Amino acid sequence: MTPAVPGLTFHMEMGPMSECEKRLLFSSDEIARHVERLAREISEDYQDGDVVIVGILKGVFIFLADLVRQLTIPVEIDFVRLASYGSGTTSSGTVRLTHDVELNLAGRDILIVEDIVDSGITLTFLREHLLSRRPRSLRICALVDKGERRSVKVDLDYVGLHLDKGFVVGYGLDCKECYRYLPAIYELIL
Ligand code: PRP
């Protein structure tokens with residue numbers, strides 16, 4: 001039967017998303033507790049700061065939105081769009097910057113906000129890129145620190161959750177653009 005809504009055809013051809021098995025890793029309550037803690041730490045550390053938060057799209061959009069609403073200090077917010085995974089589950093090793101920061105960063109306190117650190121390649125690339133703008137300071141906040149495939153050492157200043165291994169989705173994280181909307185974080189059983 002032909003579906004009445006054109007968009008539905010696409011999803012049916014792709015197969016229902018429930019085909020992929022997934023296991024709950026971090027509930028939305030647990031995530032919220034850690035986001036609150038991170039916001040508290042950041043607010044305390046930057047009492048006298050001139051903070052520009054730089055979020056890495058797309059994965060960070062939910063975490064960043066929740067984090068900044070818990071801050072008790074004024075901040076400005078900007079985004080970069082970086083991608084290295086394409087449709088696969090491992091980093092291609094090449095980071096593509098398709099949207100750059102628009103705010104002036106010279107002499108300011110940059111806080112990079114990232115959803116997950118895996119190989120470390122994305123953050124290493126962005127750190128170097130933003131340091132060339134001559135900020136006063138640069139720190140990194142990541143919601144999930146996943147150690148399994150770290151190939152480049154990255155110093156993280158604020159970490160929400162630790163994970164040894166697994167391909168995770170939800171709360172902004174995707175697999176081939178699916179699952180970003182889920183309110184909790186799951187491990188995909190591939
Ligand atoms: C994911 C994730 C991080 C990056 C981490 O982004 O959101 O930005 O990979 O991986 P790394 O530490 O191995 O570099 P992705 O390239 O999938 O783009 P997305 O944010 O649009 O999902």
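Sorting Glu21, Glu30, Glu177 by solvent-accessible area of protein heavy atoms yields Glu21, Glu177, Glu30, largest first, with a 1.4 Å probe. Taking the Cα centre of region 87-160 as origin and assigning +1 to Lys and Arg Cβ atoms and -1 to Asp and Glu Cβ atoms, the resulting dipole is close to 240 debye.
Surface listing: Phe26, Phe79 arranged by accessible area from highest to lowest gives Phe79, Phe26, probe 1.4 Å. I need the calculated FRET efficiency for the pair Asp157 and Leu190, taking r as the beta carbon distance and R₀ as 22 Å, to the nearest 0.05. The calculated FRET efficiency here is 0.10.
Largest to smallest in accessible area, the residues Ile116, Ile56 fall in the order Ile116, Ile56 (1.4 Å probe, all protein chains included).
Calculated FRET efficiency, Ser137 to Arg23, Cβ-Cβ distance, R0 = 35 Å: about 0.35 to the nearest 0.05.
Taken along the Cα-to-beta-carbon direction at a fixed 7 Å, the label points for Ile73 and Glu44 span 1.2 nm.
Solvent exposure of region 136-190, expressed per residue, is 48 Å² of accessible area, with all protein chains present and a 1.4 angstrom probe. Please give the residues of region 41-57, grouped as numeric ranges, whose backbone N is less than 20 Å from a label point set 7 Å along the Cα-to-Cβ vector of His99. Under cut-off, by backbone N: 52-57. This model, with +1 at the C-beta of Lys and Arg and -1 at the C-beta of Asp and Glu, gives region 41-121 a dipole about its Cα centre of some 480 debye. Considering helices alone, the calculated mean residue ellipticity of the chain at 222 nm is -7500 deg cm²/dmol, with DSSP H runs of length four and up weighted by -39500 (n - 2.57) and normalised per residue. Extension gain for Asp164-Ala65 works out to 33.1 nm (0.36 nm per residue, less the C-alpha to C-alpha distance).
Per-residue SASA remark: Asp48, around 140 Å² accessible (1.4 Å probe; ligands, DNA and RNA not included).
If you take all C-alpha pairs in the chain, what percent of them are over 21 Å apart? Tail of P(r) above 21 Å: 52 percent of Cα pairs. What the Cβ-Cβ distance of Arg37 and Ala106 gives, at R0 = 41 Å and to the nearest 0.05, is a FRET efficiency of 0.85.
The values are calculated or read from the model by the stated rules, or taken from the named source; none is laboratory data. All values derive from a computational prediction rather than experimental measurement. No Cβ is skipped: glycine too gets one built from the backbone with ideal geometry, and neighbour counts run over all protein chains shown. Keep in mind that these areas ignore ligands, DNA and RNA; they rest on the heavy atoms of the full protein, side chains included. Shrake-Rupley method; radii C 1.70, N 1.55, O 1.52, S 1.80 Å.
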